[in-house]
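The values are calculated or read from the model by the stated rules, or taken from the named source; none is laboratory data. Since this is a predicted model, take the numbers as computed values, not measurements. Here Cβ is always computed from backbone atoms with ideal geometry, including for glycine, and neighbour counts include all displayed protein chains. Heads up: the accessible areas ignore ligands, DNA and RNA and are worked out on the full protein's heavy atoms, side chains in. Shrake-Rupley method; radii C 1.70, N 1.55, O 1.52, S 1.80 Å.
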Amino acid sequence: VFVDRVLYGGPDAQRVVLGALAASTAAAALLAGFLVHRLSARVVTVGGVIVATAGMALMGGWTSGTAIATVAIGMAIFGAGFGLTVTSRSTAAVESVDPAAYGLASAAVTVARMIGMAIGLAVLTAYGSTTIERLSASVYATPEGYRAYIPAELRDRPLKDPLVVAALETWAAGEAARVMVGLFVVAGAVTFLAVLPGVALGSRAISSTSEA
């Protein structure tokens, strides 16, 4: 949404950003599988939450002038942190039950994660979209409404004038960035709260025999 609404990036730019997120998440999830054997589910999960929060903090500094590469890096950092928590959480869940319930424990964690992601994404997206739509409506509330959002030297020009269109797009990108960055800050704070349950996970390294 940020690439589309703020940076006016097309499908290629969006693929780069989402690809960075997906690749880093997958790589970190694989790495976490090795780390839980040497550290612990607690250390790996808390570390992942901190990395993910750091990614969100970087995203909180994005503006309408942010480069696509910077966006991809921020998404990759967040994805790496999130990926570190995926395997360690599932492993901790499996370790907490009898072997006969391994499948149920793993499925419960996956379902809980998907429900949380769906609710969080729905709430944040709904807020962001309605806010952006409200701002857009204020621009076109009256035939002359757009004049309040463009430089004074352009206010005698019609709405379809290319300079007016460009000025409105610049304003819209800045406002969209402000809304999205606010969402990133809130999401980062909520993400950091996951440190608390992360600390409650097992403090010992997972042995290969016990995991099997």
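Below, the figures for the structure above:
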{"read-out": "Test: residue 111 is surrounded by 12 or more Cβ atoms within 10 Å (Cβ to Cβ) and of a type outside the set (D, E, K, R)", "value": "no"}
{"read-out": "Residues satisfying the stated conditions in region 114-131, i.e. in contact (Cβ under 8 Å) with a residue 24 or more places away in the chain and of a type outside the set (Ser, Thr, Tyr)", "value": "120, 124, 128"}
{"read-out": "Test: residue in region 90-107 that is open to solvent by less than 60 Å² (accessible area, probe 1.4 Å) and of a type in the set (D, E, K, R)", "value": "yes"}
{"read-out": "Elements of type helices (runs of 4 or more DSSP H) in region 1-109, at least 2 residues being more than 18 Å from the chain's Cα centre (by Cα) and among the hydrophobic types (A, V, I, L, M, F, W, C)", "value": "11-38, 41-59, 68-95"}
{"read-out": "All positions within region 1-15 that are β-branched (Val, Ile, Thr) and open to solvent by 80 Å² or more (accessible area, probe 1.4 Å)", "value": "1"}
{"read-out": "Which listed residue, of 168, 163, is touching a helix residue (DSSP H, G or I) at 6+ places or on another chain (Cβ under 9 Å) and surrounded by 14 or more Cβ atoms within 10 Å (Cβ to Cβ)", "value": "168"}
{"read-out": "Filter result (surrounded by 17 or more Cβ atoms within 10 Å (Cβ to Cβ), of a type outside the set (A, V, I, L, M, F, W, C) and closer than 12 Å to residue 184 by Cα) within region 27-80", "value": "53, 55, 60, 74"}
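Conditions (1) modelled with pLDDT of 85 or more; (2) closer than 19 Å to residue 65 by Cβ; (3) in contact with a Leu (Cβ under 8 Å, 6 or more places away or on another chain), marked per residue:
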{"residue": "140", "(1), (2), (3)": "no, no, no"}
{"residue": "145", "(1), (2), (3)": "no, no, no"}
{"residue": "153", "(1), (2), (3)": "yes, no, no"}
{"residue": "163", "(1), (2), (3)": "yes, no, yes"}
{"residue": "166", "(1), (2), (3)": "yes, yes, no"}
{"residue": "171", "(1), (2), (3)": "yes, yes, no"}
{"residue": "178", "(1), (2), (3)": "yes, yes, no"}
